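Written out below as structure tokens is the structure these notes cover.
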Amino acid sequence: MIYNFFYRKIQNLIALMIGRNNDFNKDLNNLIQEKNYQEIHDIGGSDGFIVKYLNLKKKKYFCYDPNIYYINLGKRKNKKKKNIFFINKSIDSIHLKNTQKKRIFIFKGVFHHLNDSQIKNFIKKLKRNDAVISIDPFYHNNQNIF
């Protein structure tokens, strides 16, 4: 429970310290609007942090996370929005509906928590026209620890 309480605060502090801005989130919104995705699937999306950066008019947002604390937090923050859904599932138990809607799947800071088999099995569930975008931290040998 302590982890749940401090997780977002630590993320925000690190972002402030390294001077990271939210260009990724803004760029992601621009991409979603430009390509006219109808459904946004945020895998490992925690409490739906990226929702505040997205223009979701005429779009549906689905946030999947195995941590019930964050799913409930996201539900509370977005309870009046009828096009935002929070689903307590791990990547292994996500079942996708067969739909003709244009979809994008976002993996922000998720792949390093998964093994190759989990990623491959999920990718097999996607339709040919589904889009996937991922951004994940990694440590380079010559990189300063911060």
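If you take the residues in the range 86-105 that are open to solvent by less than 40 Å² (accessible area, probe 1.4 Å) and not aliphatic (A, V, I, L, M), which one is nearest to residue 58 (Cα to Cα)? My answer is 103. For residue 14, state whether it is at pLDDT below 95, surrounded by fewer than 20 Cβ atoms within 10 Å (Cβ to Cβ) and β-branched (Val, Ile, Thr). So residue 14 passes the test. Annotation: of all residues in the range 23-79 being surrounded by 14 or more Cβ atoms within 10 Å (Cβ to Cβ), of a type in the set (S, T, N, Q) and not in a loop (DSSP other than H, G, I, E, B), the one that is modelled with the lowest pLDDT is 25. Could you grab me the full set of residues in the range 71-107 that are β-branched (Val, Ile, Thr) and touching a residue at least 60 places away in the same chain (Cβ under 8 Å)? Scanning the range 71-107 gives 99, 104, 106.
Within the range 108-137, being in contact (Cβ under 8 Å) with a residue 40 or more places away in the chain and buried (at least 18 other Cβ atoms within 10 Å of the Cβ) holds for 108, 110, 122. Scanning the range 90-125 for residues that are part of a loop (DSSP other than H, G, I, E, B) and either more than 24 Å from residue 29 (Cα to Cα) or within 15 Å of the chain's Cα centre (by Cα) (or both) returns 90, 94, 95, 98, 109, 110, 114, 115.
Of the candidates 122, 85, the single residue that is within 21 Å of residue 70 (Cα to Cα) and either in contact with a helix residue (DSSP H, G or I) (Cβ under 6 Å, 6 or more places away or on another chain) or modelled with pLDDT of 95 or more (or both) is 85.
The values are calculated or read from the model by the stated rules, or taken from the named source; none is laboratory data. Being a predicted model, the structure only gives us computed values, none of them experimental. Glycine also receives a Cβ, built like all others from the backbone with ideal geometry; neighbour counts cover every protein chain displayed. Calculation scope for accessible area: heavy atoms of the full protein, side chains included, ligands and nucleic acids excluded. Shrake-Rupley method; radii C 1.70, N 1.55, O 1.52, S 1.80 Å.
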